[in-house]
Amino acid sequence: MAVYYSCKHCGVHIGKLDVSSTASTNLGFDHLSDQEREEYISYDDQGHVYVKSICEDCYEMLRRNPDLHALDTFIQ
């Protein structure tokens, strides 16, 4: 099983974890609400997990321009 992380704003690949098996609590998924889990985590038929997160560049852009939080997408 692999866990793939990508940016929810720009789509860039952030990273990948190769794990044989792990509990969602070890990945911190238990801290998410049901709605957040549904929005940010998906699975494929082979058991791989896909997590939408935020990359450093988008994080920095949002930190410097908090008004961008109101937009659905700010990457053109």
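The values are calculated or read from the model by the stated rules, or taken from the named source; none is laboratory data. In this text, all values refer to a predicted model and were calculated from it rather than measured experimentally. Backbone-built Cβ (ideal geometry, glycine too); neighbour counts: all protein chains shown. Protein only, heavy atoms only, side chains kept; ligands, DNA and RNA dropped before computing areas. Shrake-Rupley method; radii C 1.70, N 1.55, O 1.52, S 1.80 Å.
Could you list, in sequence order, all residues of the range 6-22 that are of a type outside the set (Gly, Ala, Ser), under 24 Å from residue 57 (Cα atoms) and open to solvent by less than 50 Å² (accessible area, probe 1.4 Å)?
7, 9
Suppose we filter the range 42-54 for residues that are of a type in the set (A, V, I, L, M, F, W, C) and modelled with pLDDT under 95; how many remain?
Residues flagged as of a type in the set (A, V, I, L, M, F, W, C) and modelled with pLDDT under 95 within the range 42-54 amount to 2.
Per-residue answers, yes or no, for (1) in contact (Cβ under 8 Å) with a residue 40 or more places away in the chain; (2) of a type in the set (Asp, Glu):
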site: 17; (1), (2): no, no
site: 20; (1), (2): no, no
site: 30; (1), (2): no, yes
site: 42; (1), (2): no, no
site: 45; (1), (2): no, yes
site: 58; (1), (2): yes, no
site: 66; (1), (2): no, no
